[in-house]
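Throughout, read-outs are computed from the coordinates displayed, never taken from laboratory work. Quick caveat: nothing in here was measured; it's all calculated off a predicted structure. Virtual Cβ from ideal backbone geometry, glycine too; neighbours counted across all protein chains shown.
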Amino acid sequence: MNSKNTKIAQPYAEAFLELAAQSSLETTINDLNCLSTALANSNDLKKLLSNPLVNSENKKSIIKSIFSDKIDNITLKFLLVLCDRGRISYLNSILEKAIELAYKAASIEIVKVTSSTTFSPSQQEALTSKLKKDDWGIPN
């Protein structure tokens, strides 16, 4: 994320999480991951949201049709506000920052494991179990 995106994303991410505090943190994280996955899997959606030639009403209509039954109403309204303010093109950056802040609030740490061989499902489960143990300071 470049510095301009960070300057824009930070306050919107913080505002969203403050607004989303009305629902559960788990719901908020699920919504953020749903949106992030949708953007990662659809170049067409990314292009549409960042296209200045598509007016905000069309963007809002498309967002409603795609996400109205998949995310919480608070999250949906936040997306519509981003359209109204001309900031929907920064959605990916805002989502990255919001996920980071939401994970921090939920005491979730992302762990990246590098291995010379692929882990079997049982090895993955054993590692996950080991990382979740109370003696690491991470609650189960």
Q: Divide by every residue of the chain the summed helix terms, -39500 (n - 2.57) for each DSSP H run of at least 4, and state the resulting mean residue ellipticity at 222 nm, rounded to the nearest 500 deg cm²/dmol.
A: -21500 deg cm²/dmol
Q) Over 19 Å between Cα atoms, which of Lys7/Lys60; Lys77/Lys104; Lys97/Lys132; Lys4/Lys97; Lys7/Lys97 qualify? A) Lys7/Lys60; Lys77/Lys104; Lys97/Lys132
Q | Net +/- balance of residues flanking Lys59 in space, Cβ distance below 15 Å, scoring K and R +1, D and E -1 | A | +4
Q.
If I stretch the segment between Ala106 and Thr37 completely, what's the gain in nm (0.36 nm per residue apart, minus their alpha carbon distance), one decimal?
A. 22.9 nm
Q) Do any GluC sites (Glu not before Pro) in segment 61-140 lie in a DSSP loop with no more than 10 other beta carbon atoms within 10 Å, and if so, which? A) Glu109
Q) Relative contact order (percent) for the chain, with alpha-carbon contacts under 8 angstrom and 6 or more residues of separation? A) 35 percent
Q: Using log10 I(q)/I(0) by the Debye sum over Cα atoms at q = 0.08, 0.13, 0.19 Å⁻¹ as the read-out, say which of (1) -0.27, -0.66, -1.11; (2) -0.54, -0.92, -1.11; (3) -0.21, -0.57, -1.26 was calculated from these coordinates.
A: (1)
Q: Determine, from the Cβ-Cβ distance of Ser61 and Ser116 and an R0 of 41 Å, the FRET efficiency 1/(1 + (r/R0)^6), rounded to the nearest 0.05.
A: 0.25
Q | Span-like helix ranges in the chain, DSSP H, alpha carbon extent 18 angstrom or more, Kyte mean at least 0.0 | A | 25-41, 91-105
